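The structure appears below as structure tokens.
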Amino acid sequence: MAQVVSAPAPAPQARRAQWPPVLRGFLWAAIGFVVLNTIVDIVDPFRGHPFVTGPSATLGWVGAVVGWLLGVGVWEGVALPLFGYPSRWIEPSTGWRRYFAYSTDHKVIGLQYLGSAMGGFLIAGLIAMFMRIELMSDHLTIFHYPTNYLTAVGIHGTIMMFSVANVALLGGFGNYMVPIMIGARGTAFPKLSGISAWLVPAGILSVLFSPLLGAWTTGWRGYQPLASQDPNGILFYYLGVAALTTSTFIVALNMVTTIMFRRAPGMTWGRLPLFAWGQVTVGLLVLIWIPEIQATFVMGLLEKLVPFNFFTATGSVLSYLELFWIFGHPEVYIIAVPVFALWNEIIPVMSQKSLFAREWAVIGLVFVMLLSGLVWAHHLFTNMRNSEILPFAFFTEMISIPTGFAYMAAIGTMWKGRVRLTTPMLLVLMSMFNFLIGGLTGVFLADPVVNLQLHDTFWVVGHFHYTVIGSIVFTGLAAVYYWLPKMSGRMYSEFWGKFLAITLFIFFNATFSQFFLLGLHGMNRWVPAYPAYLQPMNFEVSIISFFLGLAFAGQFVHIIWAWVKGPKAADNPWDARTPEWFTASPPPRENFPVQPEIVSSLYIYGAQQPVAVQLPAEEELAAARDESLEPEGGSPHE
Amino acid sequence: MDNDSKETPEEVSASASPEWSRRQFLGGTVALGVVGAVALLGRSTVVDAARGIFGSPVRSGRVPLYAYDYYYVPNYMTWRVGDRMDIIFQNQSHTHWHEWTMGRHVNEQYFQAFGELSADAWRVDFWDGVPVTLSDPYKIDNFVPHDALVTYEGPRSLYNIQSGGDFSPTLKPGGSLHIAFTVPNKPGIWDFGCFVQEYVHYRTGMRGKVHILPA
Ligand code: HEM
Ligand SMILES: [Cu+2]
Ligand SMILES: [Cu+2]
């Protein structure tokens with residue numbers, strides 16, 4: 001079945017030694033920075049002629065990002081052909097090198113996103129370890145000043161949110177799996193998508209290196225007017241996040257368009273795999289809220305740079321908080337919706353049982369998406385009047401109902417099924433448990449009276465780590481194990497997979513459940529120094545969190561081992577019915593040898609289980625059929 | 001999928017684009033990582049070392065000193081004992097008040113979240129007993145002479161003279177002040193900095209060094 005589309009015959013050309021694209025990207029980024037920085041210095045000179053100023057660094061950064069993108073291959077792949085110049089660029093269809101250059105293959109792009117997310121996770125995780133080292137004692141130790149600790153918290157949170165949580169299941173598995181799952185042979189915007197994947201490392205590095213321009217104290221939200229009191233490091237926060245959110249926006253654009261227009265014949269909306277439904281819903285959230293927060297961040301940037309008084313004299317101090325959290329809460333569902341979808345993707349397969357109440361699972365996703373825009377002010381209860389608090393407390397507690405649908409579908413499917421407790425299934429169950437704890441502690445926070453006590457304590461830090469790690473990290477790992485045989489053609493070790501999952505679960509819960517207790521005892525967020533009575537517990541939590549760090553490292557080692565050296569996997573090791581399992585592993589360049597057709601529901605298991613996907617035998621058919629002329633949708637029934 | 005490339009050695013020749021070198025890629029990435037780590041963690045060490053090697057020219061006469069958020073330009077100067085200095089101190093910030101203090105051994109108790117920070121930052125104030133002439137005051141927030149021997153040109157009200165803390169002219173955004181003196185016989189390395197907003201400016205890097213050479 002694996003019919004790799006072979007590259008065209010080699011063009012005769014001089015074998016000139018070529019720079020590795022990533023290194024060339026760094027070089028061109030440096031050049032871009034220096035050129036634009038210097039131009040700004042000339043146009044807008046500062047007295048005393050400092051070389052790097054706020055404005056020059058901002059425009060220099062733009063130059064650096066353009067240089068970086070061109071350098072990693074956009075120059076040959078897009079820019080030259082776009083302007084009608086001859087380009088000898090030929091995209092390689094095999095080999096590891098294509099992962100380290102611009103590509104238009106959605107599977108390569110997906111893995112680039114996953115790699116960036118993993119890199120971001122390791123960096124931000126390491127920073128979390130440093131934070132925990134600091135919190136082992138009640139006074140400053142490894143950080144010289146409180147602002148340095150706050151910068152670390154900000155970098156940790158920013159990288160985790162904007163380049164891990166927003167990336168792993170959207171840019172990563174979205175790009176890789178969704179086109180295959182809907183039977184498409186490519187995505188709608190392959191070039192744009194190829195470019196956007198390279199914005200993620202640019203964004204991560206901008207945020208990571210922001211301390212070069214000075215410390216910043218706002219955390220991952222970039223709060224104004226506080227940010228205007230910070231040194232210039234905050235500029236690289238706003239800029240790095242601009243790159244990351246732009247990348248997420250492009251992913252959503254590409255996914256929503258691809259799902260709308262490139263579904264295989266017979267892939268009706270009613271048959272659409274749940275994970276694809278998750279991508280559509282989350283895509284809408286992204287398309288609505290990411291531009292909103294980008295506009296806010298641009299205002300924040302200008303407030304600092306010009307400076308304006310958007311959020312102080314002529315505006316109001318609360319307006320930034322409102323603008324941030326009106327995105328900030330939907331952000332939680334940008335993270336969680338694809339996770340819910342994945343639970344109900346993996347559970348029917350592992351239980352070999354039809355998905356229970358499929359429509360309700362989809363409705364749950366959609367209503368979570370709608371309600372998520374109505375709850376933002378629960379982050380501001382300490383700044384509001386009682387009359388304003390109540391509606392937000394109400395909607396916040398209401399949102400647990402559509403969330404419950406995801407649980408209901410999952411539990412109903414497992415009910416009396418033959419559940420196979422494989423590593424991905426185990427991780428999904430753990431994820432459901434952790435997210436439940438996150439949700440329940442959130443209900444407490446939604447209660448105004450309790451909120452006023454717990455606001456800004458480690459209770460909140462525990463709550464959102466349970467929701468975020470509980471959802472994206474556990475389910476992300478489940479997805480890696482579930483699709484590893486598909487992406488690499490190899491299998492992990494079931495013993496190590498389970499052993500590491502259980503270790504992770506234990507250390508995760510041992511660490512973060514104690515955050516709740518710390519919070520109840522009065523441990524504040526954003527403080528590197530705290531009252532002495534909290535020290536013994538913080539010390540002990542830190543020790544456990546180092547084991548948590550090791551447990552994560554163990555996962556990554558195992559996954560990389562399995563990817564490179566694991567035993568060969570069977571074609572469809574889980575007996576799944578979604579289309580990605582009806583092609584070779586790893587899938588060929590065009591995903592399927594010919595355009596597949598979907599002929600029945602993908603979630604029916606049991607005695608008279610019908611065949612879901614058909615691949616028309618005649619190869620000529622594929623050659624004759626223009627992909628862009630595919631009939632829209634399929635049979636209307638079902 | 002990486003494995004394909006290893007299993008088929010012909011693949012390299014079959015591929016159309018010239019392959020870049022793996023060694024170059026790995027070596028270059030590691031080198032960049034090292035440069036990045038040094039830039040993040042060891043920047044001040046590198047800058048100090050570079051100054052030790054290359055030094056900086058001796059300044060005298062009219063020297064502009066600009067305050068920005070939160071750094072000075074220049075943040076390193078070399079003076080010589082006995083030279084006459086005319087420091088034109090200007091606050092270039094649009095939004096922030098800044099001061100210029102100079103001394104040794106900053107009283108930098110670690111911030112413990114509880115307790116107080118002392119008002120006089122330096123254990124040794126450079127300006128103790130130094131004759132100084134101030135002139136051209138513009139947008140002065142306040143001026144603390146401490147133990148310096150100060151001569152004021154123009155109406156004293158423009159200087160808003162206060163007591164408490166080290167010798168410190170504090171300028172409003174856009175303010176400036178002319179500080180004239182002869183470099184006293186206090187050779188060695190001296191630190192300067194701005195302690196406005198509870199040391200926050202100093203902590204975030206608003207500081208510099210003056211290296212005073214013997215006559
Ligand atoms: C590897 C284990 C992790 C540990 C030990 C850890 C630890 C911490 C701690 C101690 C704080 C609070 C610091 C403070 O407020 O003083 C924090 C903040 C935060 N963490 Fe984590 N974290 C981990 C993983 C993650 C992950 C996976 C994510 C998201 C994907 C995440 C997202 C955040 C966010 C958004 C903040 C808030 C930052 C802010 O206040 O601006 N963390 N983390
Ligand atoms: Cu919220
Ligand atoms: Cu200052």
Self-check item: Hits in segment A:75-118 (condition: outside any helix (DSSP H, G or I) and free of Cβ contacts under 8 Å to residues at least 12 places away in the same chain)
Solution: A:Phe83, A:Gly84, A:Tyr85, A:Pro86, A:Ser87, A:Gly95
Quiz item: Out of A:Arg577, A:Arg525, which single residue is modelled with pLDDT under 90 and either open to solvent by less than 30 Å² (accessible area, probe 1.4 Å) or of a type in the set (Lys, Arg) (or both)?
Solution: A:Arg577
Quiz item: Looking at (1) within 33 Å of the chain's Cα centre (by Cα); (2) at pLDDT below 95; (3) buried (at least 18 other Cβ atoms within 10 Å of the Cβ), which is the one condition that is false for A:Ala29?
Solution: (2)
Practice problem: Would you mind stating whether A:Gln294 is farther than 28 Å from A:Trp415 by Cα and either open to solvent by 10 Å² or more (accessible area, probe 1.4 Å) or in a helix (DSSP H, G or I) (or both)? | Solution: yes
Quiz prompt | Residue identified as outside the structural domain of A:Met350 (by TED's automatic domain parsing) and within 25 Å of A:Gly119 (Cβ to Cβ) among A:Pro579, A:Pro587, A:Pro593, A:Pro573 | solution = A:Pro587
Quiz item: From A:Val337, A:Val332, which residue is more than 12 Å from ligand 2 (Cβ to nearest atom) and away from chain B (no Cβ under 14 Å)?
Solution: A:Val337
Self-check item: Breaking point among (1) within 27 Å of A:Glu345 (Cβ to Cβ); (2) surrounded by fewer than 24 Cβ atoms within 10 Å (Cβ to Cβ), for A:Met177
Solution: (2)
Practice problem: Would you tally the residues in segment B:86-100 being in contact with a Pro (Cβ under 9 Å, 6 or more places away or on another chain) and outside any loop (DSSP other than H, G, I, E, B)? | Solution: 7
Quiz item: What is the one condition in (1) within 22 Å of the chain's Cα centre (by Cα); (2) among the polar types (S, T, N, Q); (3) within 16 Å of ligand 1 (Cβ to nearest atom) that A:Thr382 does not satisfy?
Solution: (1)
Quiz item: Considering only segment B:156-175, how many residues are touching a residue at least 60 places away in the same chain (Cβ under 8 Å) and surrounded by fewer than 14 Cβ atoms within 10 Å (Cβ to Cβ)?
Solution: 1
Quiz item: Any chance segment A:171-185 includes a residue that's more than 14 Å from chain B (Cβ to nearest Cβ), over 21 Å from A:Leu284 (Cα atoms) and within 16 Å of ligand 1 (Cβ to nearest atom)?
Solution: no
Quiz item: Is one or more of the residues making up segment A:452-464 assigned by TED's automatic domain parsing to the domain that holds A:Trp277 and away from ligand 1 (no atom under 16 Å from the Cβ)?
Solution: yes
Practice problem: Scan (1) part of a helix (DSSP H, G or I); (2) within 11 Å of ligand 1 (Cβ to nearest atom) for the single condition A:Val241 breaks and write down its number. | Solution: (2)
Exercise. Could you pull out the residue among A:Lys353, A:Lys304 that is basic (Lys, Arg), touching a residue at least 12 places away in the same chain (Cβ under 8 Å) and open to solvent by 50 Å² or more (accessible area, probe 1.4 Å)?
Key: A:Lys353
Practice problem: Specify which of the listed residues (A:Phe121, A:Phe130) is surrounded by 20 or more Cβ atoms within 10 Å (Cβ to Cβ), assigned to a helix (DSSP H, G or I), away from ligand 2 (no atom under 16 Å from the Cβ) and of a type in the set (Phe, Trp, Tyr). | Solution: A:Phe121
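Residues checked against (1) closer than 22 Å to A:Phe311 by Cα; (2) assigned to a helix (DSSP H, G or I):
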{"position": "A:Thr158", "(1), (2)": "yes, yes"}
{"position": "A:Ala188", "(1), (2)": "no, no"}
{"position": "A:Leu192", "(1), (2)": "no, yes"}
{"position": "A:Pro201", "(1), (2)": "no, yes"}
Quiz prompt | Hey, B:Ala49 more than 22 Å from B:His211 (Cβ to Cβ) and away from ligand 3 (no atom under 16 Å from the Cβ) or not | solution = no
Quiz item: Hey, any hits in segment A:506-524 for a residue that's more than 14 Å from every other protein chain (Cβ to nearest Cβ) and under 30 Å from A:Ala570 (Cα atoms)?
Solution: no
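Table: residues versus (1) open to solvent by less than 30 Å² (accessible area, probe 1.4 Å); (2) within 14 Å of chain A (Cβ to nearest Cβ).
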residue: B:Tyr138; (1), (2): no, no
residue: B:Gly154; (1), (2): no, no
residue: B:Leu177; (1), (2): yes, no
residue: B:Val183; (1), (2): yes, no
residue: B:Phe192; (1), (2): yes, no
residue: B:Thr204; (1), (2): yes, yes
residue: B:Gly208; (1), (2): yes, yes
residue: B:Ile212; (1), (2): yes, no
residue: B:Ala215; (1), (2): no, no
Exercise. State which residue is farthest from the other protein chains (Cβ to nearest Cβ) when the search covers only segment A:528-559 and only residues that are at pLDDT 95 or above, within 10 Å of ligand 1 (Cβ to nearest atom) and farther than 22 Å from A:Gly119 by Cβ.
Key: A:Ile544
Practice problem: Go through (1) of a type in the set (A, V, I, L, M); (2) open to solvent by 60 Å² or more (accessible area, probe 1.4 Å); (3) within 16 Å of ligand 1 (Cβ to nearest atom) and name the single condition A:Ile363 misses. | Solution: (3)
Quiz prompt | segment A:471-495 - residue that is surrounded by 23 or more Cβ atoms within 10 Å (Cβ to Cβ) and touching a Gly at 6+ places or on another chain (Cβ under 7 Å) and, of those, farthest from A:Ser513 (Cα to Cα) | solution = A:Tyr492
Quiz item: In segment A:259-289, which residues are within 19 Å of the chain's Cα centre (by Cα) and among the hydroxyl-bearing types (Ser, Thr, Tyr)?
Solution: A:Thr281
Quiz item: Quick one: how many residues across segment A:312-335 are of a type in the set (Val, Ile, Thr) and either within 16 Å of ligand 3 (Cβ to nearest atom) or not in a helix (DSSP H, G or I) (or both)?
Solution: 2
Practice problem: Read through the list (1) hydroxyl-bearing (Ser, Thr, Tyr); (2) crowded, with 24+ Cβ neighbours inside 10 Å; (3) closer than 22 Å to A:Ala202 by Cβ, then give the number of the only condition that A:Thr258 fails. | Solution: (3)
Quiz item: Inside segment A:203-236, can you point out the residues that are among the small types (Gly, Ala, Ser), away from chain B (no Cβ under 13 Å) and part of a helix (DSSP H, G or I)?
Solution: A:Gly203, A:Gly219
Self-check item: Residues that are farther than 15 Å from A:Tyr530 by Cβ and either away from ligand 1 (no atom under 11 Å from the Cβ) or small (Gly, Ala, Ser) (or both), drawn from segment A:137-152
Solution: A:Ile142, A:His144, A:Tyr145, A:Thr147, A:Asn148, A:Ala152
Practice problem: Among what's in segment B:38-59 and is over 16 Å from B:Ile189 (Cβ atoms) and open to solvent by less than 50 Å² (accessible area, probe 1.4 Å), pick the residue that is farthest from the other protein chains (Cβ to nearest Cβ). | Solution: B:Gly42
Quiz prompt | Residue in segment A:134-150 that is at pLDDT 95 or above and among the β-branched types (Val, Ile, Thr) present | solution = no
Exercise. Please give the number of the condition A:Thr151 fails out of (1) more than 11 Å from chain B (Cβ to nearest Cβ); (2) buried (at least 21 other Cβ atoms within 10 Å of the Cβ).
Key: (1)
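The values are calculated or read from the model by the stated rules, or taken from the named source; none is laboratory data. None of these values were measured; they are calculated from a predicted model. Every residue, glycine as well, gets a Cβ built from its backbone with ideal geometry; the counts of neighbours run over all protein chains shown. To get the accessible areas, we keep the full protein, side chains included, count just its heavy atoms, and leave off ligands, DNA and RNA. Shrake-Rupley method; radii C 1.70, N 1.55, O 1.52, S 1.80 Å.
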